[in-house]
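Q: Next up is a structure, given as structure tokens.
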Amino acid sequence: MRRQPQIQAAIFDVASWEPDAEFSVFPQGARAKDAVFAPEYPAEPVIVPGKRYMVKRSKRSYPDQFWAEIVAYRVGCLLGVNVTPTFAAWNSRTNQCAALIEWFYDDGHESFVMAGDFLQQMHKDFDRKLGTQHNLLDNMRLLKLLAQNGILESGWRQWWIDALLFDALIGNTDRHQDNWGLIFTRSKQKISCRLAPLFDNGTSLGHERFTNHVSRWTDIDFQRYISKGRHHVKWSLKDPIQGHFALLQRALEQWPDTREAAQARLNFSSDDLSDAVVDLLKLDAINPLSNERLVFMLHLMRYRFTLLRNLLL
Ligand SMILES: Nc1ncnc2c1ncn2[C@@H]1O[C@H](COP(=O)(O)OP(=O)(O)OP(=O)(O)O)[C@@H](O)[C@H]1O
Ligand SMILES: [Mg+2]
């Protein structure tokens, strides 16, 4: 079930990578981003020559946030969910670090549509800014409709279980209506689509907590913090379950045939979690991943992992 992660030996300098004029400005979202093309002869084989990548910096207030996106990629691979290769990078001209994320669709033949674009069609008053009406029952209605019309391939229930499982493990609070979506392919015969990989995973892993504060946390502090964790999506407007674990449990009750595959995703040990990320400590960056930051991330994930195993096994 696990996916083999793409592992870099050194941080990538993207200063000389060609900027993509068409995609260089991203109005969507809160973090500064550009799109660039990888060189024809990249520094390491994990980079696809000539491919477009997103360079995504941290929020100003949390300079090491980009590491959360990279750690989330590694954890996604360990779970075996669909995540996009993500690396540590910097720009030697601007001295800024960023997450370097492979483009997840093929521009020539495919297009990406954020779920929010559909949900807004379904509810004319959909609050696009905060996504206050974002809920799984409506998401289900949308995906069911696309599947019934033969546009969306099957497996969307399992996709949502994967998303809820992954988000509960990393503590992601930001899977809003524009942080998931569909990739469309148009051929002469028909239009078809599939769910995009899980992207924008960096509002997670306790990135908003400063390590000098959390170093004093007791077990009770960890438990309190984790129990407050909320997903962005609610179960339904009538039944607004949002806690990471309660929501996953509700979805598993609704779709019992997804449970077995979800259980199989947790087939690793807590040591595997650290093994999946420890090499990141040796990457030499202006904003390195500190040992304290990684220890905190792992501590949070170990708690969440135990809760998930209790819930599923
Ligand atoms: N790897 C990728 N390939 C193609 N398009 C992407 C990729 N990552 C993101 N996008 C597109 O860019 C948009 C913005 O990216 P993303 O959601 O990662 O950042 P963000 O919304 O600024 O993050 P945040 O909300 O945490 O500040 C997405 O909604 C999606 O349309
Ligand atoms: Mg986003």
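Q: Would you check if there is a residue in segment 215-225 being within 16 Å of ligand 1 (Cβ to nearest atom) and in contact with a Lys or Arg (Cβ under 9 Å, 6 or more places away or on another chain)? First the steps, then the outcome.
A: Taking segment 215-225 and keeping what is within 16 Å of ligand 1 (Cβ to nearest atom), we get none.
For segment 215-225, residues within 16 Å of ligand 1 (Cβ to nearest atom) and in contact with a Lys or Arg (Cβ under 9 Å, 6 or more places away or on another chain): absent.
Q: Follow-up. Can you confirm whether Gly150 is away from ligand 1 (no atom under 16 Å from the Cβ), on the phi > 0 side of the Ramachandran plot and surrounded by fewer than 22 Cβ atoms within 10 Å (Cβ to Cβ)? Can you show your working first?
A: Working: away from ligand 1 (no atom under 16 Å from the Cβ): yes; on the phi > 0 side of the Ramachandran plot: yes; surrounded by fewer than 22 Cβ atoms within 10 Å (Cβ to Cβ): yes.
Against the criterion (away from ligand 1 (no atom under 16 Å from the Cβ), on the phi > 0 side of the Ramachandran plot and surrounded by fewer than 22 Cβ atoms within 10 Å (Cβ to Cβ)), Gly150 qualifies.
Q: Within segment 120-141, how many residues turn out to be under 16 Å from Ala251 (Cα atoms) and of a type in the set (A, V, I, L, M, F, W, C)? Let's see the steps before the verdict.
A: Step one: filter segment 120-141 for residues under 16 Å from Ala251 (Cα atoms), giving 134-141.
Next, only the ones that are of a type in the set (A, V, I, L, M, F, W, C) stay: 136-137, 140.
Total meeting the criteria: 3.
Q: Here is a follow-up. Restricting attention to segment 186-214, which residues are within 24 Å of Ile70 (Cα to Cα), more than 16 Å from ligand 1 (Cβ to nearest atom) and not aromatic (Phe, Trp, Tyr)?
A: Arg209, Thr211, Asn212, His213, Val214 - these are the residues of segment 186-214 that are within 24 Å of Ile70 (Cα to Cα), more than 16 Å from ligand 1 (Cβ to nearest atom) and not aromatic (Phe, Trp, Tyr).
Per-residue answers, yes or no, for (1) within 19 Å of Phe112 (Cα to Cα); (2) at pLDDT 95 or above; (3) within 13 Å of ligand 1 (Cβ to nearest atom):
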position	(1), (2), (3)
Asp13	no, yes, no
Val25	yes, no, yes
Pro39	no, yes, no
Val46	no, yes, no
Ser61	no, no, yes
Glu69	no, yes, yes
Tyr73	no, yes, yes
Leu78	no, yes, no
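Q: Scan Trp180, Trp160 and give me the residue that is within 16 Å of ligand 2 (Cβ to nearest atom), of a type in the set (A, V, I, L, M, F, W, C) and either surrounded by 15 or more Cβ atoms within 10 Å (Cβ to Cβ) or modelled with pLDDT under 95 (or both).
A: That would be Trp180, the only listed residue that is within 16 Å of ligand 2 (Cβ to nearest atom), of a type in the set (A, V, I, L, M, F, W, C) and either surrounded by 15 or more Cβ atoms within 10 Å (Cβ to Cβ) or modelled with pLDDT under 95 (or both).
Q: Give just the number: which of (1) among the hydroxyl-bearing types (Ser, Thr, Tyr); (2) under 18 Å from Pro288 (Cα atoms); (3) surrounded by fewer than 21 Cβ atoms within 10 Å (Cβ to Cβ) does Thr84 not satisfy?
A: Of the numbered conditions (1) among the hydroxyl-bearing types (Ser, Thr, Tyr); (2) under 18 Å from Pro288 (Cα atoms); (3) surrounded by fewer than 21 Cβ atoms within 10 Å (Cβ to Cβ), the odd one out for Thr84 is (2).
Q: Further question on the same structure: Could you list all residues from segment 85-112 that are within 16 Å of ligand 2 (Cβ to nearest atom) and of a type in the set (Val, Ile, Thr)?
A: Thr86, Ile101
Q: From the list Asn82, Asn172, which one is within 16 Å of ligand 2 (Cβ to nearest atom), part of a loop (DSSP other than H, G, I, E, B) and within 30 Å of Val46 (Cβ to Cβ)? Write out each step before concluding.
A: On the way: Asn82 fails: within 16 Å of ligand 2 (Cβ to nearest atom).
After applying the criteria, what remains is Asn172.
Q: Specify the residue that is surrounded by the fewest Cβ atoms within 10 Å (Cβ to Cβ); the eligible residues are those in segment 258-278 that are among the hydrophobic types (A, V, I, L, M, F, W, C) and closer than 20 Å to Glu69 by Cα.
A: Of all residues in segment 258-278, those among the hydrophobic types (A, V, I, L, M, F, W, C) come to 261-262, 264, 266, 268, 273, 276-278.
This time we only want the ones that are closer than 20 Å to Glu69 by Cα, so: 273, 276-278.
Working: Leu273: 21, Ala276: 23, Val277: 22, Val278: 13.
Once the filter is applied, the top-ranked residue is Val278.
One line per residue, one yes/no per condition, for (1) touching a residue at least 12 places away in the same chain (Cβ under 8 Å); (2) farther than 16 Å from Asp162 by Cα; (3) aromatic (Phe, Trp, Tyr); (4) touching a helix residue (DSSP H, G or I) at 6+ places or on another chain (Cβ under 6 Å):
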site: Ser192; (1), (2), (3), (4): yes, yes, no, no
site: Leu195; (1), (2), (3), (4): yes, no, no, yes
site: Phe199; (1), (2), (3), (4): yes, no, yes, no
site: Arg209; (1), (2), (3), (4): yes, yes, no, no
site: His213; (1), (2), (3), (4): no, yes, no, no
site: Asp221; (1), (2), (3), (4): no, yes, no, no
site: Lys228; (1), (2), (3), (4): no, yes, no, no
site: Ser236; (1), (2), (3), (4): yes, yes, no, yes
site: Ala246; (1), (2), (3), (4): no, no, no, no
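Q: While we're on this one: Quick one: Lys129 ticks every box in (1) under 30 Å from Lys51 (Cβ atoms); (2) within 16 Å of ligand 1 (Cβ to nearest atom) bar one, so which box is it?
A: The one condition Lys129 does not meet is (1).
Q: Here's a follow-up. In contact (Cβ under 8 Å) with a residue 40 or more places away in the chain and crowded, with 21+ Cβ neighbours inside 10 Å - does that describe any residue in segment 12-25?
A: Yes.
Q: Same structure again: Report every pair of residues separated by at least 6 positions or lying on different chains whose Cβ atoms are under 7 Å apart, first residue within segment 102-114 and under 21 Å from Ile47 (Cβ atoms), second more than 9 Å from ligand 1 (Cβ to nearest atom) and at pLDDT below 95.
A: Partner pairs satisfying both residue conditions: Glu110/Thr185.
Q: Can I ask one more? Specify the residue that is farthest from the chain's Cα centre (by Cα); the eligible residues are those in segment 140-167 that are assigned to a helix (DSSP H, G or I) and more than 21 Å from Ala261 (Cα to Cα).
A: Step one: of segment 140-167, the residues assigned to a helix (DSSP H, G or I) are 140-148, 156-167.
Retained after the next criterion (residues that are more than 21 Å from Ala261 (Cα to Cα)): 141-142, 145-146, 148.
Values: Arg141: 23, Leu142: 21, Leu145: 25, Leu146: 23, Gln148: 27 Å.
Filtering first and then ranking leaves Gln148.
Q: If Asp117 satisfies all but one of (1) within 25 Å of Met297 (Cβ to Cβ); (2) modelled with pLDDT of 95 or more, what's the number of the condition it fails?
A: Exception for Asp117: condition (1).
Q: Being surrounded by fewer than 22 Cβ atoms within 10 Å (Cβ to Cβ), out of contact with any Pro (no Cβ under 8 Å at 6 or more places or on another chain) and not hydrophobic (A, V, I, L, M, F, W, C) narrows it down to one of Gly155, Gly171, so name that one. So that I can check it myself, show each step before the final result.
A: Values: Gly171 fails: surrounded by fewer than 22 Cβ atoms within 10 Å (Cβ to Cβ).
Of the residues listed, the single one that is surrounded by fewer than 22 Cβ atoms within 10 Å (Cβ to Cβ), out of contact with any Pro (no Cβ under 8 Å at 6 or more places or on another chain) and not hydrophobic (A, V, I, L, M, F, W, C) is Gly155.
Q: Out of Gly116, Gly131, report the one residue that is over 16 Å from the mean Cα position of the chain (by Cα), part of a helix (DSSP H, G or I) and surrounded by 13 or more Cβ atoms within 10 Å (Cβ to Cβ). Write out each step before concluding.
A: Numbers: Gly131 fails: part of a helix (DSSP H, G or I).
Only one candidate passes the filter, namely Gly116.
The values are calculated or read from the model by the stated rules, or taken from the named source; none is laboratory data. Because the structure is predicted, anything quoted here is derived from the model rather than measured. Here the Cβ is made from the backbone with ideal geometry for all residues, glycine too, and neighbour counts use every protein chain on show.
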